[in-house]
Amino acid sequence: MSRHSTTTAGRGEGGLPGFFVFLLRMGAISGDLSASKTPESKKRPLRDPMAPTPPKDRPNRYTYAAAGVDIDAGNELVRAIGPLAASTRRPGSDAVLGGFGGLFDLAACGFKDPVLVAANDGVGTKLKVAIEADIHDTVGIDLVAMSVNDLVVQGAEPLFFLDYYATGKLHVDVARDVVAGIAEGCRQAGCALIGGETAEMPGMYAKGDYDLAGFAVGAVERDQILPRSDVRPGDVLLGLSSSGFHSNGYSLVRRIVEDERLSYSAPFPHGNGASIGEVLLTPTRIYVKAMLRAIRETGAVKAMAHITGGGFVENIPRVLPEGINVEIDGASWAMPPVFRWLMALGGIEDAEMGRTFNCGIGMVVVVAESEADKVAAVLADAGETVQRIEPPDGSGGGRILASARQKAHWAARREIRQFHFRAAALTLHQGADRGHRRRAGFQGNRSRHFQPTGRGRAPLQSSGHSTFAGDRPQKGASPEHSTRAYSTARLT
């Protein structure tokens, strides 16, 4: 059994029992429900709560609906999304809603010595674009993608997903579209939507606004957990194309769109008739099935980095062992049009692009050079576009290199030692001392920081400098995605 409940009967906003919500609501039903928004001069004087009868000019019968919570709408939504959840059934779950909790039979999945892996995330301010553009059927895919892509980075197969949908006024059609996207994301990832929560909370959100959160659980055999400990000099990187901005950096995107006075309904310059809103709401690519196939068929995947909040410079170092570094030339693949459009529109510098957006690469895979062709072929056959990432010197087939001198110099560091993004003069340094083990609090949109138990993997703070010499596109670079066989970069 599984569930999809609504915050309605018996419990009020914030989990308060309905009786206390009733008491709190007394005196606020007439007019604006939020007393804090009522001018002092217009506030009605408090009366004695022990008075035997209310004033004659006030109703003496209250309902939850009058307070702004529509139980019937919540029940209608549950009925509407039942078939959507059922479409995500898989071994271990029938994905039937209605219970108080969602059940999953791990034994039905065939694992021998499984370790559970959990991840949670949201969609961030991309939701504001969806709300303003009135397009709601794609952000659910984003919600699933942000968690399940994090699971597969650990080598885990996503098993089930739960969602949280919160709004001030429940509009069933909008909520159904959102959950339809969630179900689609679950089908793409192969996990079951076993339940969730719909919370209608008057006064908590602006009119038309809603928020989303998602929680995914997967499993991996104990001896197949990633990243592996054998990432070493000589290995190469494969970069998998993104579908766009995914779900990161939208506070910056929205600020530029607003300052340039653009409409989300206006045509996107390179969108083949699509609007700016439709292009910006392209859902996050889900890499799960392709990556699981590559992991299982080749046994050659050593590590992966999901390029999310923090871009390249914050995410790749999270999967590198001590003393291993990487140099990446961002000019070695063609930046997709939507990134170039935003970069030009907002005058964004290379360093800011590299630490905010995925810049066209949504997943980075570390493999041995001898296995790169095989892994790339499996990924391509699974539908992925595998991009070429070169080291800054353009040597091609770049590798991890670590001389005795380099090892001594960088022994206490694991970092992106250089990140050249469309301009050879850009260098970003990132690193941390061996004893500097704290969870990083990165500024800006949508950063997620986990430290896998017992593996000594901690996210790193940016600690260096950057220089910028202008936007000089690679000579002869195609404006579209590269389709070269596989990508490489130097890891030192």
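Data for the structure
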read-out: Any chance Gly203 is in a loop (DSSP other than H, G, I, E, B) and either touching a Gly at 6+ places or on another chain (Cβ under 7 Å) or closer than 16 Å to Asp121 by Cβ (or both); value: yes
read-out: Single residue of segment 224-255 satisfying the filter (basic (Lys, Arg) and outside any helix (DSSP H, G or I)) that is least open to solvent (accessible area, probe 1.4 Å); value: Arg228
read-out: Given (1) in contact with a helix residue (DSSP H, G or I) (Cβ under 9 Å, 6 or more places away or on another chain); (2) surrounded by fewer than 24 Cβ atoms within 10 Å (Cβ to Cβ), index of the condition Lys207 fails; value: (1)
read-out: Set Ala192, Ala166, Ala183: member being out of contact with any Phe, Trp or Tyr (no Cβ under 8 Å at 6 or more places or on another chain) and either open to solvent by less than 30 Å² (accessible area, probe 1.4 Å) or aromatic (Phe, Trp, Tyr) (or both); value: Ala183
read-out: Residue in segment 78-89 that is basic (Lys, Arg), under 29 Å from Thr308 (Cα atoms), open to solvent by less than 20 Å² (accessible area, probe 1.4 Å) and at pLDDT 95 or above present; value: no
read-out: Condition check for Leu116: surrounded by fewer than 23 Cβ atoms within 10 Å (Cβ to Cβ) and either under 30 Å from Pro267 (Cα atoms) or of a type in the set (A, V, I, L, M, F, W, C) (or both); value: yes
read-out: Members of segment 182-241 that are of a type in the set (Ser, Thr, Tyr) and farther than 25 Å from Leu77 by Cβ; value: Ser229, Ser241
read-out: Subset of segment 195-204 (residues that are of a type outside the set (A, V, I, L, M) and either without any contact (Cβ under 8 Å) to a residue 12 or more places away in the chain or surrounded by fewer than 20 Cβ atoms within 10 Å (Cβ to Cβ) (or both)); value: Glu197, Pro202, Gly203
read-out: Among residues of segment 118-151, those that are part of a loop (DSSP other than H, G, I, E, B), more than 10 Å from the chain's Cα centre (by Cα) and of a type in the set (A, V, I, L, M), counted; value: 1
read-out: Matching residues in segment 211-223 - criterion: being open to solvent by 10 Å² or more (accessible area, probe 1.4 Å) and over 17 Å from the mean Cα position of the chain (by Cα); value: Glu221, Arg222, Asp223
read-out: Residue within segment 206-225 that is under 27 Å from Ala65 (Cα atoms) and without any contact (Cβ under 8 Å) to a residue 60 or more places away in the chain present; value: yes
read-out: For Ile307: the one exception among (1) among the hydrophobic types (A, V, I, L, M, F, W, C); (2) surrounded by fewer than 22 Cβ atoms within 10 Å (Cβ to Cβ); (3) under 20 Å from Leu226 (Cα atoms); value: (2)
read-out: Check on Pro283, closer than 25 Å to Gly190 by Cβ, part of a loop (DSSP other than H, G, I, E, B), touching a residue at least 60 places away in the same chain (Cβ under 8 Å) and not acidic (Asp, Glu); value: yes
read-out: Residues being of a type outside the set (A, V, I, L, M), assigned to a loop (DSSP other than H, G, I, E, B) and either over 22 Å from the mean Cα position of the chain (by Cα) or at positive phi (or both) - total across segment 295-310; value: 2
read-out: Residue in segment 125-143 that is crowded, with 23+ Cβ neighbours inside 10 Å, of a type in the set (Asp, Glu) and closer than 22 Å to Gly101 by Cβ present; value: no
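The values are calculated or read from the model by the stated rules, or taken from the named source; none is laboratory data. As the structure is a prediction and not an experimental result, all values here were calculated from the model. A quick note on method: Cβ atoms are made from the backbone with ideal geometry, for glycine too, and the neighbour counts reach across all protein chains shown. With ligands, DNA and RNA removed, areas are computed over all heavy atoms of the protein, side chains included. Shrake-Rupley method; radii C 1.70, N 1.55, O 1.52, S 1.80 Å.
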